[in-house]
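Asks: Quick one: the structure is below, questions incoming.
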Amino acid sequence: YFNPHYAPGRTTMVHLFEWKWDDIAAECERFLGPNGFGGIQVSPPNENLAIWSHNRPWWERYQPISYRLLTRSGNEQQFANMVRRCNDAGVRIYVDAIINHMTGTWSENVGTGGSTANFGEWHYPSVPYGRNDFNWPHCVISGNDYGCCPDRVRNCELSGLKDLNQGSEYVRSMIVGYMNSLIDIGVAGFRIDAAKHMWPSDLRVIYDRLHNLNTDHGFPSGARPYIYQEVIDLGGEAMSRDEYTPLAAVTEFKFGMELSRAFQGGNQLRWLVNWGPQWGLLASDVSLTFIDNHDNQRGHGAGGSILTYKQARQYKAAVAFMLAHPYGEPQLMSSFDFVNTEAGPPMDSSGNIISPSINSDNTCGNGWICEHRWRQIYQMVQFRNVALGTGVNDWWDNGGNQIAFCRGGQAFIAFNNEYWTLNQNLQTCLPAGTYCDIISGTRNGNSCTGKSVQVGNDGRATIIIGSDEYDMILAIHRGPQS
Ligand code: AAO
């Protein structure tokens with residue numbers, strides 16, 4: 001459960017939050033495949049309650065009403081078509097699996113596929129689930145429970161969402177049936193939503209009943225799904241991420257918190273020299289890493305001062321550090337623009353999601369941010385692919401907020417988060433030659449559209465990053481784009 005099973009030479013997944021399946025299929029073929037992306041986390045594909053009273057908020061997708069594949073992102077046939085086309089493009093699909101609960105009680109009760117629920121009877125006929133399939137007696141998690149009471153956190157409702165009993169054989173068989181149908185369609189793994197709210201022993205049973213990945217989609221025989229469990233553990237609670245790491249990978253929320261702090265000036269970059277478990281982070285091979293996610297970019301979940309697309313200069317630097325450093329299994333966030341933290345994706349008056357438009361400079365329109373299409377970000381995915389299998393070497397810092405390091409003899413990066421220019425002769429670990437900085441531009445035939453770097457026979461080069469430059473990063477590597 002710890003291997004994402006990316007196609008050879010690829011790394012890095014992107015969360016295409018609220019994208020439609022047809023658009024994702026096209027994105028795999030026209031952009032993600034050609035640019036070396038490893039995979040995509042898709043929004044929950046199973047039917048959810050349509051919440052018109054809140055103008056179709058993004059969070060309605062975390063309110064399942066059945067396991068039918070029918071949402072605003074598309075239907076089952078469109079989902080399967082997307083998985084096929086993305087796998088053919090070398091890009092894997094990971095599903096956000098909502099298996100802790102069903103929708104909470106609302107005045108409206110019709111799902112995105114027309115299913116209904118009878119909340120008073122705890123009745124979800126399209127699964128079907130009834131009262132006996134939920135934890136009993138009924139209770140709701142309060143903020144204090146996290147500090148004291150694991151059984152309340154696991155057996156009571158998370159913000160009023162009806163809490164399934166994963167100890168029940170019937171409930172297990174419904175969940176496993178749903179997940180196996182997705183594996184058979186060709187997905188490569190799952191995000192387990194709200195894993196902290198389920199018993200690890202129940203999750204183990206569920207994971208062990210999952211099928212191997214579908215060899216018709218290019219997976220090796222015997223491959224297990226990649227599983228990363230959403231466990232928010234910043235310390236100080238009665239539940240620990242260590243209860244979940246023996247089962248599968250875990251989301252590392254400290255990762256984005258610490259890098260956001262550092263690149264906002266709250267911690268000197270030089271301390272990143274020992275980035276990893278010495279910072280209190282999980283072991284690298286069990287750690288799913290990200291700067292922001294769909295919750296904390298809008299103050300839900302483990303909120304706090306997380307960098308997002310809204311602080312673009314610092315955000316790009318934090319993302320570049322994530323992608324340049326070998327620690328963890330990185331996930332990029334790809335957002336729609338928002339002011340109201342409840343607002344759902346761009347939609348028309350009937351509630352249909354409006355597709356992103358693609359501009360001539362690769363960026364998106366129609367209200368979509370598409371961070372994954374920012375040059376400084378997607379070219380860093382290529383950097384990570386080129387550096388795959390190497391460690392960090394030749395670390396340099398100025399004793400403050402200027403740092404640089406190599407990845408084996410494959411790639412070099414420098415950051416300047418000071419108020420003055422970085423101008424140093426540094427070891428790049430690369431063969432002599434002229435390289436294009438992949439942050440300020442791209443390679444265009446024999447020239448660079450941005451900065452170029454002359455590496456001498458000794459591997460050294462003059463590296464300059466002005467404090468007033470558009471980005472605080474410079475990166476070069478041995479791949480064709482640099
Ligand atoms: C919606 C409405 C509710 C309504 C409910 C039921 O907003 O008003 O009652 O429907 O009808 C998302 C939204 C929810 C939404 C839900 C369903 O975020 O607002 O509720 O869809 O539509 C906890 C869980 C974690 C969860 C997170 C949001 O542990 O699993 O809350 N994340 C996932 C998804 C998320 C989704 C769900 C789960 C549900 O990613 O999108 O909800 O499917 C502490 C605990 C955390 C806890 C937070 C928040 O965190 O440690 O475990 O997360 O509290 O309750 C500091 C601390 C940090 C602390 C944090 C917040 O950062 O260091 O530990 O403060 O206090």
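Asks: Out of the residues in region 81-121 that are away from the ligand (no atom under 16 Å from the Cβ) and among the hydrophobic types (A, V, I, L, M, F, W, C), state the one that is most open to solvent (accessible area, probe 1.4 Å).
Replies: It comes out as A89.
Asks: Please tell me if W275 is of a type in the set (F, W, Y) and surrounded by fewer than 17 Cβ atoms within 10 Å (Cβ to Cβ).
Replies: No, not satisfied.
Asks: Just to check your reading of the model, which residue among S350, S260, S305 is farther than 21 Å from W59 by Cβ and assigned to a loop (DSSP other than H, G, I, E, B)?
Replies: Sole residue among the options that is farther than 21 Å from W59 by Cβ and assigned to a loop (DSSP other than H, G, I, E, B): S305.
Asks: (1) in a loop (DSSP other than H, G, I, E, B); (2) under 11 Å from A188 (Cβ atoms); (3) of a type outside the set (F, W, Y): which one isn't true of I232, the others all being true?
Replies: Failing condition for I232: (2).
Asks: Report the residue count in region 127-147 for those that are out of contact with any Phe, Trp or Tyr (no Cβ under 6 Å at 6 or more places or on another chain), more than 13 Å from the ligand (Cβ to nearest atom) and open to solvent by 50 Å² or more (accessible area, probe 1.4 Å).
Replies: 5
Asks: Might you let me know whether region 311-326 holds any residue that is surrounded by 23 or more Cβ atoms within 10 Å (Cβ to Cβ), assigned to a strand (DSSP E or B) and away from the ligand (no atom under 16 Å from the Cβ)?
Replies: There is no residue in region 311-326 that is surrounded by 23 or more Cβ atoms within 10 Å (Cβ to Cβ), assigned to a strand (DSSP E or B) and away from the ligand (no atom under 16 Å from the Cβ).
Asks: If a residue has to be open to solvent by 40 Å² or more (accessible area, probe 1.4 Å) and without any contact (Cβ under 8 Å) to a residue 60 or more places away in the chain to count, how many in region 278-299 make the cut?
Replies: 5
Asks: Of all residues in region 219-265, which are small (G, A, S), over 19 Å from Q41 (Cβ atoms) and more than 16 Å from the ligand (Cβ to nearest atom)?
Replies: Residues satisfying the conditions are S221, G222, A262, G265.
Asks: Now for a different question. When the residues of region 62-76 are narrowed to those that are open to solvent by less than 20 Å² (accessible area, probe 1.4 Å) and within 20 Å of F134 (Cα to Cα), which ends up farthest from the ligand (Cβ to nearest atom)?
Replies: Only one residue fits best here, namely S66.
Asks: Another question, if that's okay. Can you name every residue in region 395-427 that is touching a helix residue (DSSP H, G or I) at 6+ places or on another chain (Cβ under 6 Å), open to solvent by 50 Å² or more (accessible area, probe 1.4 Å) and part of a loop (DSSP other than H, G, I, E, B)?
Replies: Matches in region 395-427: Q410 only.
Asks: Here's something else I'd like to know. Would you mind finding the one in S334, S287, S350 that is more than 16 Å from the ligand (Cβ to nearest atom) and within 30 Å of Q481 (Cβ to Cβ)?
Replies: Criteria check complete, one pass: S287.
Asks: Looking at I463, is it over 31 Å from the mean Cα position of the chain (by Cα), surrounded by 13 or more Cβ atoms within 10 Å (Cβ to Cβ) and hydrophobic (A, V, I, L, M, F, W, C)?
Replies: In short, yes.
Asks: Which of the residues belonging to region 213-240 are more than 18 Å from the chain's Cα centre (by Cα) and surrounded by 13 or more Cβ atoms within 10 Å (Cβ to Cβ)?
Replies: Of everything in region 213-240, those that are more than 18 Å from the chain's Cα centre (by Cα) and surrounded by 13 or more Cβ atoms within 10 Å (Cβ to Cβ) turn out to be L213, N214, H217, G218, F219, A223, R224, E237, A238, M239, S240.
Asks: Suppose the filter is open to solvent by 10 Å² or more (accessible area, probe 1.4 Å), under 21 Å from L288 (Cα atoms) and more than 16 Å from the ligand (Cβ to nearest atom); does D208 pass it?
Replies: yes
Asks: Further, regarding this structure: Six or more apart or on different chains, Cβ under 6 Å: which pairs go from a residue in region 82-111 that's within 18 Å of N48 (Cβ to Cβ) to one that's among the basic types (K, R)? Could you list them?
Replies: Listed by first residue and then by second, the contacts come to D96/R191; H101/K162; M102/K162.
Asks: Among the residues of region 178-197, write down those that are more than 13 Å from the ligand (Cβ to nearest atom) and either hydroxyl-bearing (S, T, Y) or within 17 Å of I24 (Cβ to Cβ) (or both).
Replies: Y178, S181, L182, I185, G186, V187, A188, G189, F190
Asks: So which residues in region 182-212 are assigned to a loop (DSSP other than H, G, I, E, B) and out of contact with any Gly (no Cβ under 8 Å at 6 or more places or on another chain), if there are any at all?
Replies: Across region 182-212, the qualifying residues are G186, V187, D193, A194, M198, R209, L210, H211.
Asks: Test each condition in (1) of a type outside the set (V, I, T); (2) open to solvent by less than 10 Å² (accessible area, probe 1.4 Å); (3) closer than 30 Å to G222 by Cβ; (4) assigned to a loop (DSSP other than H, G, I, E, B) for C28 and report the one that comes out false.
Replies: Just one mismatch for C28, condition (4).
Asks: Let me ask something additional. Given the conditions (1) open to solvent by 10 Å² or more (accessible area, probe 1.4 Å); (2) not in a loop (DSSP other than H, G, I, E, B), report the number of the one that R56 does not fulfil.
Replies: (2)
Asks: Give the number of residues within region 292-310 that are near the ligand (Cβ under 6 Å from one of its atoms) and among the aromatic types (F, W, Y).
Replies: 0
Asks: Tally up the residues in region 360-377 that are open to solvent by 50 Å² or more (accessible area, probe 1.4 Å) and either touching a Cys at 6+ places or on another chain (Cβ under 8 Å) or of a type in the set (S, T, Y) (or both), please.
Replies: Residues in region 360-377 being open to solvent by 50 Å² or more (accessible area, probe 1.4 Å) and either touching a Cys at 6+ places or on another chain (Cβ under 8 Å) or of a type in the set (S, T, Y) (or both): 1 in total.
Asks: Right, next: So K451 fits all but one of (1) touching a Cys at 6+ places or on another chain (Cβ under 8 Å); (2) open to solvent by less than 30 Å² (accessible area, probe 1.4 Å); what number is the exception?
Replies: Just one mismatch for K451, condition (2).
Asks: Also: Between a first residue in region 229-241 that is small (G, A, S) and a second residue that is within 6 Å of the ligand (Cβ to nearest atom) and open to solvent by 30 Å² or more (accessible area, probe 1.4 Å), which pairs have beta carbons less than 7 Å apart while being 6 or more apart in sequence or on different chains?
Replies: Here the result reads A238/Y146, each pair linking region 229-241 to a residue that is within 6 Å of the ligand (Cβ to nearest atom) and open to solvent by 30 Å² or more (accessible area, probe 1.4 Å).
The values are calculated or read from the model by the stated rules, or taken from the named source; none is laboratory data. Quick caveat, the model's predicted, so the values are computed rather than measured. Positions of Cβ are backbone-derived with ideal geometry, glycine not excepted, and every protein chain shown enters the neighbour counts. SASA here: full protein model, heavy atoms, side chains in, ligands and nucleic acids out. Shrake-Rupley method; radii C 1.70, N 1.55, O 1.52, S 1.80 Å.
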